[in-house]
2 protein chains.
Amino acid sequence: MAVEAASGAHRPAGRPTQKVLSKERITAAALKLIEAGGYERLTMSALAKSLQVAPSALYNHVASKQDVLVLVQDDIITSIDVSAFGTEPWAAAIRRWAWSYRDVFTRHTPLIPVIAVLPVTGAGQTLRMYETLTAAFLDDGWPEPLVVPAIVALESFIFGSAFDVTAPADIFESGELAEANPKFTSAVRSQGLGAGGSAADAAFRLGLEGLIVGLQAQRDAWAAG
Amino acid sequence: MAVEAASGAHRPAGRPTQKVLSKERITAAALKLIEAGGYERLTMSALAKSLQVAPSALYNHVASKQDVLVLVQDDIITSIDVSAFGTEPWAAAIRRWAWSYRDVFTRHTPLIPVIAVLPVTGAGQTLRMYETLTAAFLDDGWPEPLVVPAIVALESFIFGSAFDVTAPADIFESGELAEANPKFTSAVRSQGLGAGGSAADAAFRLGLEGLIVGLQAQRDAWAAG
C-alpha cells in the first residue's frame, strides 16, 4: 500500500492509469465492437481507439484483423458445453452440445457469417472442441470419413437455428395475403410450440432430433456398404 | 423509329435519359448494393444515389428500408426450384428444393442474416413458396402442427450450409496444433468428398439425407402417439 501510494504520488499529473494490453483485453474489446455494429465495425483502428492505445501498440499483439477474429472465435467457443462427451452416449452428448452451441451463438449472431468461414488454424480452444467431438464420434463407432461431414452438417443447422431464435414472433404472419395462402396460414396458426412455448425451440428440437436419428441412419447405411 | 429519333433530337442538351423508377429497378439496385457491401451499405440515401433519383422519388415507391428488404427477399425466392412439389414424392421434392435453395443463397450470403429474421408479410412470392411446401407436406400425410417447424428446421440447415459453401478449402487445417489434436486432424484428412469432390457438398448431402429420413421418423413418432 505504501509503495503504491508513493508511486501514485510521483506520477505526473494528467497521465492516465494504463492497463497492460493483452490478448484477453483485445478479445474483449473486439467482441464489444462486433456486437455493437457488426463485422464492419471491427477495424484495427477502431479497436485501437476503443482500447485507448496507438495502432502500433495493438500490432505488437496481433498481426491483422484475421488474428483478432481467431481470438474472438476461440473465446466464444469456450462457452459451449462439451461436458457430456465421454460421459454420456453419443446422442445425448450431441444433444447437450448442440443446444448450448445454439444458445451461445444466439447471443453472437453477427459473428456467424464470420466464424462459419474462418479457418481454425491457431484457434486452440476451437480445435480442442473438434478433437473432443471427433473422439466421441469414433468411440461411438462412426467411420472416420463421415465424422467431419457430420460435424459440419450439425454446425450448419446450429448456425441457421441461432438466427431463427432472434426472428420476430410474427415472422410468418401472412397479413392481407392470408386468403391467397390458406394452407400455410393455417399451418402457422396450428404449429406446435412445445413445452417452452417458443416456435424457434420447437423447430430446433424437431430438426435436431431428426438430424440425430437421420445421421445415425446414414452411418449405418455406410457401414452396411 | 422516326418518332424516337425526332424525340431524341428535341431533348435539351445535357439532360440524361431517365428510366422510369419502379419496384423492379429498386430491387435490382438494392441487391447490387447489398452484394457489394453487405447489409450496412443498403441505406435509403445510398439507394437513391445509385438510382440517380432524389430520396423523395424513392419514397413514392417504398416507405422504408424494411420495404426494400421485402422486395429483395421476394425477388431472390423466385430463383428457387419448387418444380418437384406436386409432381414428385415428398422426399425427392424436398431434395430438389433444398439444393436449389442452398445454391441461391450461396450467391447471396450477405442477405442470410437479414432474411432469416425478416417477416414474410407482404412478400407474395415467398408466401407462395411456403404455400406450395405446406401443400406438399399435407399431401404426404404430415400432421399440420409439424409442418412449419419442419420447414424452419430445413431452412436453418440450408442457411447455415450456404455459408459453408463459401468457406475456404483449408478451414479445418489445424496447422502447428495438429499434433495436439490428432483425431480431428486425421478425420479432416480422411473425410469423404463425394462424387463432386467438394467437402461442402458432402456435408450438405449427409445432413440433408439425414434430415429427410429423421424428420420422417419424427412425423411417424408423432402419428404413433
(message) Anything in the stretch B:187-203 that is farther than 21 Å from B:Phe105 by Cα, assigned to a helix (DSSP H, G or I) and facing chain A (nearest Cβ under 7 Å)? List them, or say none.
(response) B:Ala187, B:Val188, B:Ser190
(request) For the stretch B:145-152, state whether one or more residues are free of Cβ contacts under 8 Å to residues at least 60 places away in the same chain and within 15 Å of the chain's Cα centre (by Cα). (result) yes
(request) Can you tell me which residue within the stretch A:5-51, out of those that are closer than 27 Å to A:Gly122 by Cβ and not in a helix (DSSP H, G or I), is modelled with the highest pLDDT? (result) A:Leu51
(message) Could you check the stretch A:137-152 and list, in sequence order, the residues that are among the aliphatic types (A, V, I, L, M) and either in contact with a His (Cβ under 7 Å, 6 or more places away or on another chain) or surrounded by 18 or more Cβ atoms within 10 Å (Cβ to Cβ) (or both)?
(response) A:Leu146, A:Val147, A:Val148, A:Ala150, A:Ile151, A:Val152
(request) Select from the stretch A:116-144 the residues that are in contact (Cβ under 8 Å) with a residue 40 or more places away in the chain, within 7 Å of chain B (Cβ to nearest Cβ) and part of a helix (DSSP H, G or I) and list them in ascending order. (result) A:Gly124, A:Ala135
(request) For the stretch A:131-143, state whether one or more residues are modelled with pLDDT of 90 or more and in contact with a Leu (Cβ under 6 Å, 6 or more places away or on another chain). (result) no
(message) Condition check: crowded, with 23+ Cβ neighbours inside 10 Å, in the same structural domain as A:Ala187 (by TED's automatic domain parsing), more than 17 Å from the chain's Cα centre (by Cα) and of a type outside the set (D, E, K, R). Does A:Thr134 satisfy that?
(response) yes
(request) Would you please list the contacts, defined by Cβ atoms under 9 Å and residues six or more apart or on different chains, that run from a residue in the stretch A:156-181 that is more than 7 Å from chain B (Cβ to nearest Cβ) and more than 26 Å from B:Thr109 (Cβ to Cβ) to a residue that is small (Gly, Ala, Ser) and surrounded by 13 or more Cβ atoms within 10 Å (Cβ to Cβ)? (result) A:Glu176/B:Gly122; A:Ala180/A:Ser174; A:Ala180/B:Gly124
(message) Quick test of your reading of the structure: B:Ser56 fulfils all but one of (1) more than 12 Å from chain A (Cβ to nearest Cβ); (2) surrounded by 19 or more Cβ atoms within 10 Å (Cβ to Cβ); (3) not aromatic (Phe, Trp, Tyr). Name the failing condition by number.
(response) (2)
(message) If I ask for residues that are free of Cβ contacts under 8 Å to residues at least 60 places away in the same chain, within 11 Å of another protein chain (Cβ to nearest Cβ) and not aliphatic (A, V, I, L, M), which ones from the stretch A:75-115 would you list?
(response) A:Phe105, A:Thr109
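The values are calculated or read from the model by the stated rules, or taken from the named source; none is laboratory data. Quantities reported herein were computed from a predicted structural model and do not represent experimental measurements. Neighbour counts run over all protein chains shown; Cβ positions are idealised from the backbone, glycine included.
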